[in-house]
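Below: one structure, written as structure tokens.
Coordinate-derived values only; no laboratory data. Remember, predicted model here, so these are calculated numbers, not experimental data. Counting neighbours? That spans all protein chains shown, and the Cβs are built from the backbone with ideal geometry, glycine included.
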Amino acid sequence: MSDRVSFFTFGCRLNQAETATLGASFRQEGFSVVPYGEPCDIVVVNTCTITENGDADTRKLVNRVARKQPQANIALIGCQAQMQAKALAGFKSVAWVVGNARKMELPTIIRKQPASDEVVVLREPPSRKPFTQPVIGREDHRTRANLKVQDGCDFFCSFCVVPFARGRARGREFDDILHEGKALVDAGFREIVITGVNVGTYQLETYGFADVVDALSAIPGLDRLRISSIEPTTIAPDILHLIQTRPNICRYLHVPIQSGNDTVLTRMARKYTTADFLDFMSQAHREIPDLCFGTDVIVGFPGESEQEFDETADLIRDNEFAYLHVFSYSNRKHAKSAEFAEQVPTGEIKRRSKILRDLSDRKRSIYMHRYLGQEAEVLFEQQKDGRWSGLTDTFIRVYAESAHDLENKLVPVRLDTVEPRALFATVL
């Protein structure tokens with residue numbers, strides 16, 4: 001019987017996309033891929049190191065796997081493996097630690113260097129060259145597929161270790177992007193989510209990010225194309241025009257602001273002011289009716305005063321954000337901000353974070369109430385507790401009851417009532 005392998009993914013959509021590709025690569029190499037938690041021979045953990053919590057989560061998972069599946073060997077790959085290879089190699093049951101440069105070679109690495117008493121550690125700087133993906137990343141039981149188009153970052157924000165963990169910015173070969181996009185549509189995926197570290201900086205020969213969006217949206221049979229998180233200084237006017245004019249491009253932008261105070265933004269080494277951000281946001285809302293505009297905010301950046309935080313909360317409250325993701329500041333080795341004075345106490349960070357999370361819930365509720373009584377198309381994903389769950393193109397979670405199988409179907413509904421973080425609908 002072939003070796004059984006399972007996967008666990010921490011972190012971002014890009015990690016999810018890479019795990020899907022790795023799953024296909026393992027199958028191609030003769031491995032049997034089983035759901036995480038089932039008995040297996042190898043557990044592959046795609047790690048994240050953006051926060052201290054991510055590091056701790058990896059340790060907890062490794063201990064849990066070693067306790068529940070002592071026969072399994074563990075492969076730790078990705079960002080934490082790149083940044084903390086030596087420490088991870090000492091964890092129980094870990095047989096392979098492979099950084100970002102070679103993680104996509106993992107099936108071949110395991111075949112050539114099977115588990116032994118000596119941990120295999122492969123950590124080297126990622127290349128800056130354009131890349132291709134070895135196989136099509138078809139995720140199981142998904143209606144949406146994450147499509148990686150770019151990796152790395154050149155921005156070096158003072159709080160961020162991504163350029164150290166993933167290397168400098170580089171694009172995927174343009175034809176290779178389209179090849180996977182078409183294959184995903186042929187495999188039955190209704191929605192593709194474009195993902196990367198800093199997708200808006202995509203550049204390869206004469207192609208920019210707008211060319212990627214344009215070409216993918218033109219794939220016959222693709223019902224939806226969604227752009228994942230994108231930096232505010234990288235959104236060309238062509239992107240807004242494409243969202244406005246192409247019916248299959250989702251009316252959705254997630255644009256991290258990180259702080260609503262210009263002094264904090266300067267210390268973060270961000271490349272815009274709050275006025276720049278709000279000008280773009282206003283333009284986006286003017287050009288794209290019903291646009292869902294979400295953002296990220298970091299709470300407790302070193303030196304963030306009470307007044308600077310209040311300005312951030314006021315900016316979020318007074319403008320058309322549909323929701324926000326709130327991140328507690330976390331000191332990271334190699335990030336410049338780790339050396340900054342005036343670290344904000346943990347208790348104060350928790351207090352401020354709760355204020356913004358409560359504000360996010362109110363903003364989400366206000367946004368959803370705009371749609372009550374209207375009709376919308378929902379791409380349903382799965383059924384749970386007797387209700388089907390799916391998303392509108394504007395990223396609103398919708399629940400509906402139906403005796404029919406709605407999985408991976410675009411279905412018209414009437415949006416009836418607001419629930420916490422979701423709308424309940426009647427299938428039409």
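Anyone know which of ARG352, ARG226, ARG67 comes out most mobile in the 10 Å Cα GNM of the chain?
ARG67
Using Cα pairs under 8 angstrom and six or more residues apart, how large is the relative contact order of the stretch 251-369, in percent?
About 29 percent, as a whole number.
What does the charge count near PRO412 come to, summing +1 for each Lys or Arg and -1 for each Asp or Glu among other residues with Cβ under 9 Å from its Cβ?
That works out to -1.
Can you find, among VAL378, LEU406, ALA422, the residue sitting farthest towards the positive end of the charge dipole of the stretch 375-427, where Lys and Arg contribute +1 and Asp and Glu -1 at Cβ?
Among VAL378, LEU406, ALA422, the one farthest towards the positive end of the dipole of the stretch 375-427 is ALA422.
Grab the DSSP H runs of the chain that are 4 residues or longer, score each as -39,500 (n - 2.57), total them, divide by all residues and round the 222 nm result to the nearest 500 deg cm²/dmol.
-10000 deg cm²/dmol
Please express the Cα-Cα pair-distance distribution P(r) of the chain as a list of whole percents, one per 20 Å bin, running from 0 to the bin with the greatest distance.
For the chain, the binned pair fractions read 24, 58, 18, 0 percent.
To the nearest Å, what is the center-to-center distance of the stretch 68-100 and the stretch 271-330, using C-alpha atoms only?
Here the answer is 37 Å between Cα centres.
Looking only at Cβ-Cβ distances, which cysteines of the chain have no other cysteine closer than 4.7 Å?
CYS12, CYS40, CYS48, CYS79, CYS153, CYS250, CYS292
Positive end of the charge dipole of the chain (Lys, Arg +1 and Asp, Glu -1 on Cβ, about the Cα centre): tell me which of LEU61, ALA210, ILE355 has its Cα farthest that way.
Value: LEU61.
Using +1 on the beta carbon of Lys and Arg, -1 on that of Asp and Glu, and nothing else charged, what's the dipole of the chain about the Cα centre, debye to 20?
1160
Lys and Arg at +1, Asp and Glu at -1: add these up for the other residues within a Cβ distance under 11 Å of THR108 and post the number.
Net charge around THR108: +1.
Taking the beta-carbon count within 10 Å as an exposure proxy, list GLU419, GLU381 from fewest neighbours to most.
GLU419, GLU381
Could you give the dipole magnitude of the stretch 154-289 about its Cα centre, charging the beta-carbon of Lys and Arg +1 and that of Asp and Glu -1, in debye to the nearest 20?
For this selection, approximately 420 debye.
Once you place label points 7 Å from the Cα toward the Cβ at PHE156 and LEU428, how far apart are they in nm?
Placing both labels 7 Å beyond Cα along the Cβ direction yields 5.3 nm.
Full-extension gain between GLN343 and ASN63, please, as 0.36 nm times their residue separation minus the C-alpha to C-alpha distance.
97.7 nm is the gain from fully extending GLN343 to ASN63.
Could you tell me the ratio Rg/Rh of the stretch 251-369? Both radii from Cα atoms, Rh via Kirkwood.
With Rh from the inverse mean 1/r over Cα pairs, Rg/Rh is 0.98.
Comparing ASP279, ASP290, ASP57, which has the greatest mean-square fluctuation in the GNM of the chain with Cα pairs linked when under 10 Å apart?
ASP279
How much net charge surrounds ALA95 when only other residues with a Cβ under 10 Å from its Cβ are counted (Lys, Arg +1; Asp, Glu -1)?
With Lys, Arg at +1 and Asp, Glu at -1, the net is -2.
Please state the relative contact order of the chain as a whole percent: Cα pairs under 8 Å, 6+ residues apart?
Dividing the mean separation by the residue count of the chain yields 10 percent.
Suppose each label sits 7 Å from its Cα in the direction of the beta carbon; what would the ILE355-ASP290 distance come out to in nanometres?
Inter-label distance under the simple model: 3.5 nm.
Contact order normalised by length for the stretch 147-252, with contacts defined as Cα pairs under 8 Å and 6 or more residues apart; what percent is it?
Here the relative contact order equals 26 percent.
If each residue's Cβ is checked for other Cβ atoms within 10 Å, how do TYR207, TYR323, TYR202 rank with the fewest at the top?
TYR207, TYR323, TYR202
Based on the alpha carbon coordinates of the stretch 4-122, what radius of gyration and maximum Cα-Cα distance (Dmax) apply, in Å?
12.6, 36
Whole angstrom only: what separates the Cα centroid of the stretch 174-242 from the Cα centroid of the stretch 350-406?
Using only Cα atoms, the two centres lie 25 Å from each other.
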